[in-house]
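Working notes for the structure below.
The values are calculated or read from the model by the stated rules, or taken from the named source; none is laboratory data. This one's a predicted model, so the numbers in the text were calculated from it and none came from an experiment. Note that we place each Cβ from the backbone using ideal geometry, even for glycine, and neighbour counts take in every protein chain shown.
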Amino acid sequence: MTDASPPSTDRSPVPATPADAAAKLTALKADPAWTAALLQGQPAQTAEFHSLHAHAATGDSTDMAIAGKLQPGVIQNAEHLQNIGAAEMLRGLGMPDDVIKDTLNGTASTPKAFYDKIVSWKQNAMTDAEWTKKLMSGDRKARSQLAIANIIITTGPKENS
């Protein structure tokens, strides 16, 4: 009879944010060997599960949305589901998570002078035939530029700047 050792839990550093903890927990649960060890009650996997779960639970709804996690329970808040989709789209455009969080929370702020430049840039870009052709053909850079401009414009300028 062989004594098989449980899968290692030494995978990566401790997650810095609740969203990272939720993402790591999701990744671990997708690992059949890790999940089997957890279900067998292996101490290392059980401790890791509880630690990650507790850390993930300290996050707010926005952290969960950025991590692509549903809220606890069967019934989901529509805004949360929209935020999951928005976070995924913004990440796909190259935005970092901190900017995504500020955007979803409505706490992003832009100095007035920069805001005015973005408004002017968008007006010019939307009348530029070459740029709009790129945008309409799905050019990633043009899509990203427009998304970022729209976020800045919709959040408005920072007052007293």
Going through GLY73, GLY41 one at a time, which residue ends up being at pLDDT below 85, at positive phi and either part of a helix (DSSP H, G or I) or surrounded by fewer than 15 Cβ atoms within 10 Å (Cβ to Cβ) (or both)? GLY73
Selection status of ILE84, surrounded by 13 or more Cβ atoms within 10 Å (Cβ to Cβ) and closer than 22 Å to GLN145 by Cβ: no
Residue list for segment 17-36, restricted to those being part of a helix (DSSP H, G or I) and small (Gly, Ala, Ser): ALA19, ALA21, ALA22, ALA23, ALA27, ALA33, ALA36
Enumeration of residues in segment 102-138 that are surrounded by 12 or more Cβ atoms within 10 Å (Cβ to Cβ), under 18 Å from ARG91 (Cβ atoms) and not aliphatic (A, V, I, L, M): ASP102, THR103, ASN105
Looking at segment 57-99, which of its residues are among the β-branched types (Val, Ile, Thr) and closer than 14 Å to THR17 by Cα? THR58, THR62, ILE66
Return the total of residues in segment 1-38 being of a type in the set (D, E, K, R), modelled with pLDDT under 80 and closer than 21 Å to ILE100 by Cα. 1
Say whether the condition of being touching a residue at least 40 places away in the same chain (Cβ under 8 Å) and assigned to a loop (DSSP other than H, G, I, E, B) is met by at least one residue in segment 107-119. yes
Would you check which residues across segment 120-161 are outside any helix (DSSP H, G or I) and modelled with pLDDT of 90 or more and list them? THR127, ASP128, SER137, GLY138, ASP139
